[in-house]
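The values are calculated or read from the model by the stated rules, or taken from the named source; none is laboratory data. This structure is a prediction, so every number in the text was calculated from the model and none was measured. Note that we place each Cβ from the backbone using ideal geometry, even for glycine, and neighbour counts take in every protein chain shown. Areas reflect the complete protein model, heavy atoms only, side chains present, ligands, DNA and RNA absent. Shrake-Rupley method; radii C 1.70, N 1.55, O 1.52, S 1.80 Å.
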Amino acid sequence: QVQLVESGGGLVQAGDSLRLSCAASRLTFSSITMGWFRQAPGKAREFVSCIRWSGGNRYYADSVKGRFTISRDNAQNTVYLQMNSLKPEDTAVYYCAAKVGVGSPLSDRNYDYWGQGTQVTVSS
């Protein structure tokens, strides 16, 4: 059973930075995309960023472009989301997810495995 465990969330002030980590275990598929999504209270879950394990393509939501950076450490089986210049509107539960099949990496419906989420709260 694939397991994804997020960490690194917390309470910060606007303008601060956080780095989220997603440790993956039992991922044995050859073609995997790792994604970060977030869900704010009363809102639908939304795409934040994604990256392929094999390297290359990274995608970002317009709302985080230029502030967030996704990266991976294949040796550690870990994906990171570096979040800089945080804003109150970034407040949400952040989820790590793994997609092993076809379909757009921008849609949460195409992801097969999910972590439990980590809370990020940005105060103004």
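Of all residues in region 23-42, how many are open to solvent by less than 50 Å² (accessible area, probe 1.4 Å) and more than 15 Å from TYR111 (Cα to Cα)?
Here the count works out to 3.
ALA61 is checked against (1) in contact with a Leu (Cβ under 9 Å, 6 or more places away or on another chain); (2) open to solvent by 20 Å² or more (accessible area, probe 1.4 Å); (3) farther than 19 Å from ASP112 by Cβ and fails just one. What number does that condition carry?
Failed condition: (2).
Quick one: is LEU81 over 13 Å from SER7 (Cα atoms) and either touching a Gly at 6+ places or on another chain (Cβ under 8 Å) or not polar (S, T, N, Q) (or both)? I'd like the intermediate steps shown before the answer.
On the way: over 13 Å from SER7 (Cα atoms): no; either touching a Gly at 6+ places or on another chain (Cβ under 8 Å) or not polar (S, T, N, Q) (or both): yes.
It is false that LEU81 is over 13 Å from SER7 (Cα atoms) and either touching a Gly at 6+ places or on another chain (Cβ under 8 Å) or not polar (S, T, N, Q) (or both).
Looking at the structure I just gave you, is PHE29 under 15 Å from the mean Cα position of the chain (by Cα) and either farther than 21 Å from VAL122 by Cβ or modelled with pLDDT of 95 or more (or both)?
On the way: under 15 Å from the mean Cα position of the chain (by Cα): no; either farther than 21 Å from VAL122 by Cβ or modelled with pLDDT of 95 or more (or both): yes.
So PHE29 fails the test.
If you check VAL100, VAL120, which single one turns out to be more than 10 Å from the chain's Cα centre (by Cα), hydrophobic (A, V, I, L, M, F, W, C), buried (at least 16 other Cβ atoms within 10 Å of the Cβ) and farther than 13 Å from MET34 by Cα? Before you say what the answer is, go through the steps one by one.
Details: VAL100 fails: farther than 13 Å from MET34 by Cα.
Being more than 10 Å from the chain's Cα centre (by Cα), hydrophobic (A, V, I, L, M, F, W, C), buried (at least 16 other Cβ atoms within 10 Å of the Cβ) and farther than 13 Å from MET34 by Cα holds for just one of VAL100, VAL120, which is VAL120.
Any chance region 1-22 includes a residue that's charged (D, E, K, R) and surrounded by fewer than 13 Cβ atoms within 10 Å (Cβ to Cβ)?
Checked against the condition, which is being charged (D, E, K, R) and surrounded by fewer than 13 Cβ atoms within 10 Å (Cβ to Cβ), region 1-22 yields no hits at all.
Filter region 40-92 down to the residues that are assigned to a strand (DSSP E or B), in contact (Cβ under 8 Å) with a residue 24 or more places away in the chain and polar (S, T, N, Q) and list them by number.
SER49, THR78, GLN82
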